[in-house]
Structure formats: structure tokens, C-alpha cells
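Novice: Could you have a look at this structure, given as C-alpha cells, before my questions?
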Amino acid sequence: MTATFTAPSVDEIIARLGAQSTCDAGLTLDPWHFDTTRPSYGPGASMLDRLPANAPRQQVLPDEYRNASEDELQQRIVDAKRRLGSKLLILGHFYQRDEIIRHADFVGDSFQLAKNATERPDADHIVFCGVHFMAETADILSTPEQSVTLPNLSAGCSMADMANIDQVEEAWDQLGEICGRDKDADGMQPIIPVTYMNSSAALKAFCGRHGGIVCTSSNAHAVLEWAFARGRRVLFFPDQHLGRNTARAMGIPLSQMPLWDPFKAMGGAADPSDYANARMILWKGFCSVHQRFTVDQIERARRAYPGVKVIVHPECSMQVVDAADGVGSTAYIVKEIANAPAGSAVAVGTEINLVNRLAAQYPDKTVFCLDPVVCPCSTMYRIHPAYLAWALENLEAGNVVNRITVDEDTAREAKVALERMLRVH
């Protein structure tokens, strides 16, 4: 008789890995508690990151939503969605909590959802359960007649906020002095700007007007090939790790990948010629969740589960990527776990809401986060069912709350960079 495989519980995994609790206790609070406190990303992995002074603030949620039970909120969402019918499209990022994902018409990473935003031009309203830059992208790619709503305006992205348009324009001017501004005899630009999808519409527009492009974690390699066919160097922002990991896989040595620190004079290089000799100029930005994963966690996973396959997101550090068995986008991680044989163990270095959902989806496998008690993305956590119910019921009443709009000029230039990305992919 064949024994039935039973995946270990989260508590068993924590004990076996010897993991230490790192999550802020504030995450047990409902997110509207932070609407009335000083501006911050809230508790979690990004709580110590710098929040821009002009970051959007969410209005105080009405009592009827804050005081509603979980069951009542779920029913109100279901009812509002049914009544809105084909007028409504809900997009849900992989990192959202399960109580939100169950209502999404499409679930995916930022690249997939950018495409999904274009697939329902008949929908009057797009409700984006993600973070601010994703809703901006949906507004750029959707029709002018469609509204885009972000249920909680405080759902930002600390990585996206690590590069703003003023900083990038200043860096561009300074790098122009070092690397030149005109095309060479071969028609190559001195620098091609490449921005990660996790950036503001203003930065996407900057790339559009300077011959640059947008990338995601799933197409970064193809985008860099596109850029190097047109320029001598790439300025890559805001995530240094995705840029470094992708460029190294393409054979570019670390000596040709200097870091640009926007808070230091001339980017902080000891010698400005470092930028002139560069192939990849990396912006000093990072994801607060993915930078928490370590080589030590991978080693502990291998000791606890001999034969475990370790897969991580390319926003992790170079050392973690080198120690893992595989690296790729959230879509890649989902596919790898789906294709793993029954009874196998897979340790994952990415946001824990996604990992826990995959573990529940594939109970015939042991799927766990490298640090199973690492904080979820605290800004994604801001999208609570109470905010979704509030947004949908307002749409029913003809009131579009938290509408995300990108001005016409910015949208036009950003769309140029986004469409280049879509063609390259």
C-alpha cells in the first residue's frame, strides 16, 4: 500500500528551519489604523524605508466598513461585483492577501496584469488590487473612457519610491557630462535608460523620451539585449539587484557595473571614469522584502530538507541568487512549483502570501518560504477587503473613488516605453 504524502504544517517548517520571527506585530492590525498616524509604509519589511513627502494618503475609511465582519465584507464585495457585471474588471497581484485574490478576474505579476488591463476595453472600471505604480500603468494602457481605481491610496512601493524624476534627471545630466550626450559614429547612444516596471509613470515617461524602455523581472534579459543593441551603456533603475543579476547572467563583469547613489555627489563613485567605463550603471534601490533573504537561510533549508530545490526572485541579492537552484519572476516561480514532482520540497525566496498560497494549492509537495515568518509586502497588505468593498460600492453609486490618472503628456511618453517592452517580450 502506497503511503499518502502529507505536507508539513507551517509550524513544523518553522521549527525545522530554526527560523526566527522577524515580522512586526503591527501587521496584525487592520491597515486603516495607519491612515490616521504619521505617513509611513506601515509595519513590515519596508517600514524603515524613506517615504517621499508627497506620497498619497488614504482618506479615513467610513465606520461601516471598518466595523464590518470579514464575512459581511466578503458578501458585500460579491454582491457589488455581481451588480456591476461586465462594467467591472478587478486585477489582483500575486502578492495580495487571499481574501482579495478570490475576487480578481485576473491574477498575475505586474507584466501579466499590464497586459490584462488592455484586454477588456468594454469594462467601464478597472479596480487594481496592487500598488500605485501598477494602477498608473493600467491607466496608461487602458482606454480614456475607463477609470482606474486603487482601493487604498497608501498602497505604494518603497522600491519605486527610491528613484524619483528629479533624482533621475539630475543623474542623467551628470552622466551626460561624463559619458557624452551624442550618438557615436555607429549610431549608438551613450546611455539607454531602462526602468523596472516598479517605478512611477514619470520615470517610464523619462525612458520613453530618451530612447529607453521598461522591463519586468520576466523579460529583463530580452530588454537588456534590446538596449545594448542601441547604446554603449544602460542606466538601470530603481532595483540594483535585478539589474546586476540579469547583466551577470549575460556575461557582464561586476567591474563594469558601478552603483549610482542618488544621495551622494556624482553618484558616489570614487572615480567618475567608473561610469564612463561601465556597461551597466545600477541605481541604488532594492525591494525590502527580497533583500531579507540570505545565503544562511538557503543553507538551513538544504540541511532541513536534503534534496530541496531552492528558487528565488531576481530582486534578491547576487549572493542569494548564486546559492539558489533557480531564479525568475513570480510567474516563473508559480510554474516551477506547479511542475515540481509530487513529494518534492521547494524552498522559495519571495513574498510569503504567494508562497503560502502555492503551498495550499499543491498539498502533495512541501512548499515553503526560505524564511517562513518573513513579513509580507506591507504596502500590498494595505489592500484590505474593507477598502475593496468601499471602492466597489462607490462605483455602484456612480462615485469613482481613488481614481488614478496620469496626465496626457506623461502617459503618451510612458506608453512609448511600455509598448517597446511589450514588443520585446
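Novice: Counting only residues that are within 29 Å of the chain's Cα centre (by Cα), open to solvent by less than 20 Å² (accessible area, probe 1.4 Å) and of a type in the set (A, V, I, L, M), how many does segment 55-85 have?
Specialist: Qualifying residue count, segment 55-85: 5.
Novice: Pairs needed: first member in segment 340-358, under 26 Å from His241 (Cα atoms); second member anywhere, open to solvent by 20 Å² or more (accessible area, probe 1.4 Å) and acidic (Asp, Glu); C-beta distance under 8 Å; at least 6 residues apart or different chains.
Specialist: Every condition considered, the pairs that remain are Val346/Glu336; Asn353/Asp98; Arg357/Asp98.
Novice: Under 7 Å by Cβ, and 6 or more places apart or on different chains, what pairs join a residue from segment 62-82 that is touching a residue at least 40 places away in the same chain (Cβ under 8 Å) and of a type in the set (A, V, I, L, M) with one that is crowded, with 19+ Cβ neighbours inside 10 Å and outside any helix (DSSP H, G or I)?
Specialist: Filtered contacts from segment 62-82: Ile77/His103.
Novice: Just wondering, is there one or more residues in segment 168-188 that are open to solvent by 10 Å² or more (accessible area, probe 1.4 Å) and at positive phi?
Specialist: yes
Novice: Considering every residue within segment 103-111, establish whether at least one is in a loop (DSSP other than H, G, I, E, B) and in contact (Cβ under 8 Å) with a residue 60 or more places away in the chain.
Specialist: Yes, there is a match, as at least one residue in segment 103-111 is in a loop (DSSP other than H, G, I, E, B) and in contact (Cβ under 8 Å) with a residue 60 or more places away in the chain.
Novice: Related question: Within segment 253-279, work out how many residues are part of a helix (DSSP H, G or I) and within 30 Å of the chain's Cα centre (by Cα).
Specialist: The number of residues fulfilling the criteria is 9.
Novice: For segment 284-300, give me each residue that is of a type in the set (Gly, Ala, Ser) and at pLDDT below 95.
Specialist: If the condition is that a residue be of a type in the set (Gly, Ala, Ser) and at pLDDT below 95, then Ser288 is the only one that fits.
Novice: Mind checking whether some residue in segment 334-342 is farther than 30 Å from Gln59 by Cβ, outside the structural domain of Arg76 (by the TED database) and in contact with a helix residue (DSSP H, G or I) (Cβ under 8 Å, 6 or more places away or on another chain)?
Specialist: Within segment 334-342 (the criterion being farther than 30 Å from Gln59 by Cβ, outside the structural domain of Arg76 (by the TED database) and in contact with a helix residue (DSSP H, G or I) (Cβ under 8 Å, 6 or more places away or on another chain)), the answer is yes, since at least one residue qualifies.
Novice: Name the single residue that is modelled with the lowest pLDDT among those in segment 235-283 being open to solvent by 40 Å² or more (accessible area, probe 1.4 Å) and among the hydroxyl-bearing types (Ser, Thr, Tyr).
Specialist: Only one residue fits best here, namely Ser273.
Novice: Tell me which of these His384 doesn't satisfy, since it passes every other one: (1) open to solvent by less than 40 Å² (accessible area, probe 1.4 Å); (2) not assigned by the TED database to the domain that holds Tyr65; (3) not polar (S, T, N, Q).
Specialist: (2)
Novice: Among the residues of segment 394-403, are any surrounded by 21 or more Cβ atoms within 10 Å (Cβ to Cβ), among the charged types (D, E, K, R) and in contact with a helix residue (DSSP H, G or I) (Cβ under 6 Å, 6 or more places away or on another chain)?
Specialist: no
Novice: For Glu72, are the conditions met, namely being assigned to a helix (DSSP H, G or I) and not polar (S, T, N, Q)?
Specialist: yes
Novice: Any residue at all in segment 407-415 that's among the aliphatic types (A, V, I, L, M), assigned by the TED database to the domain that holds Leu29 and surrounded by 19 or more Cβ atoms within 10 Å (Cβ to Cβ)?
Specialist: For segment 407-415, residues among the aliphatic types (A, V, I, L, M), assigned by the TED database to the domain that holds Leu29 and surrounded by 19 or more Cβ atoms within 10 Å (Cβ to Cβ): absent.
The values are calculated or read from the model by the stated rules, or taken from the named source; none is laboratory data. Just so it is clear, the model here is predicted, and its values are computed rather than measured. Please note: Cβ atoms are built from the backbone with ideal geometry, for glycine as well, and neighbour counts cover all protein chains shown. Remember, those area values only see protein heavy atoms, side chains included, never the ligands or the DNA or RNA. Shrake-Rupley method; radii C 1.70, N 1.55, O 1.52, S 1.80 Å.
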